[in-house]
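Take a look at the structure set out below.
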Amino acid sequence: MTDQATGVTDPANRAEDEIPGKPTAASRTTLSHIMTGSDTNLLGTVHGGVIMKLVDDAAGAVAGRHSGGPAVTASMDEMVFLEPVRVGDLVHVKAQVNWTGRSSMEVGVRVMAERWNESTPAQQVGSAYLVFAAVDGDGKPRRVPPVIPETERDNRRYQEAQIRRTHRLARRRAIKELREKRAAEGIDD
Ligand SMILES: CCCCCCCCCCCCCCCC(=O)SCCNC(=O)CCNC(=O)[C@H](O)C(C)(C)COP(=O)(O)OP(=O)(O)OC[C@H]1O[C@@H](n2cnc3c(N)ncnc32)[C@H](O)[C@@H]1OP(=O)(O)O
């Protein structure tokens, strides 16, 4: 499939032997967790790593459900912390498959927090994009069903995920080429 925004054909999106698609809602999920004293950092707020673990767990559950089996985290990027999370907060980690390739899926995650002592709506405290690869019993990548966006919001997320995918591939390729060039010039770092 060719990305209409960039005109780039992504090898992950070849049409041959395509497996039946699954709608976004089929795997979308929310993981909820109450923060306790053991989740804090030296400042007394919740450690970013604790949030990242919840993000990875929620995204992993979504990727496993979408792909119908095990999936491993390949990358986590654009992890953003918008507000501190505190002990007693009820944190909701909302995740959905934004985009699928051949064996990889981009999962978008939004982190919301309900303050234990305020009757206000849950506030967004973070977000992240993760790439998961579906793997077989030997840990080798396996095909995933294409995700079928259902709403205009899903469509926007799909298109934005394609942009991120294009940039990830371009960045990896550029860094690889630079390293190969430096090695060819005999630069040993
Ligand atoms: C019904 C069942 C329900 C089950 C319900 C389960 C629920 C349970 C919930 C618990 C949820 C816990 C979730 C924790 C999840 C972990 O903690 S997993 C542990 C941490 N992660 C790992 O150990 C992964 C280690 N890395 C690897 O094994 C390999 O590098 C990988 C990721 C499999 C990739 O292998 P590879 O040989 O490089 O394969 P390659 O064909 O090049 O890449 C495969 C795809 O990944 C993409 N990719 C590879 N590297 C990257 C990267 N760095 N960035 C972006 N994309 C990448 C490629 O572009 C390619 O995409 P496609 O073009 O196929 O779409």
Exercise. Across segment 1-36, what is the total count of residues that are outside any strand (DSSP E or B), modelled with pLDDT of 95 or more and farther than 15 Å from Val147 by Cβ?
Worked result: 2
For this session: Determine, yes or no, whether Met105 is under 15 Å from Gly68 (Cα atoms) and out of contact with any Lys or Arg (no Cβ under 7 Å at 6 or more places or on another chain).
Result: yes
For this session: Kindly indicate which of Val109, Val131 is in contact with a Phe, Trp or Tyr (Cβ under 8 Å, 6 or more places away or on another chain) and under 23 Å from Gly60 (Cα atoms).
Result: Val109
Exercise. Going by the conditions given, is Ser104 within 27 Å of Gln159 (Cβ to Cβ), modelled with pLDDT of 95 or more and not acidic (Asp, Glu)?
Worked result: yes
Problem set entry | Matching residues, segment 152-174, being within 13 Å of the ligand (Cβ to nearest atom) and out of contact with any Ser or Thr (no Cβ under 7 Å at 6 or more places or on another chain) | Ala161, Gln162, Arg164, Arg165, His167, Arg168, Leu169, Ala170, Arg171, Arg172, Arg173
For this session: May I ask you to list pairs of residues, at least six apart or on different chains, whose Cβ atoms are under 7 Å apart, with the first in segment 150-175 being closer than 21 Å to Ala95 by Cα and the second being among the aromatic types (Phe, Trp, Tyr) and within 15 Å of the ligand (Cβ to nearest atom)?
Result: Tyr158/Trp99; Ala161/Trp99; Gln162/Trp99; Arg164/Tyr129; Arg165/Trp99
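The values are calculated or read from the model by the stated rules, or taken from the named source; none is laboratory data. On a predicted model such as this, the values are computed, not experimentally measured, just so you know. Glycine also receives a Cβ, built like all others from the backbone with ideal geometry; neighbour counts cover every protein chain displayed.
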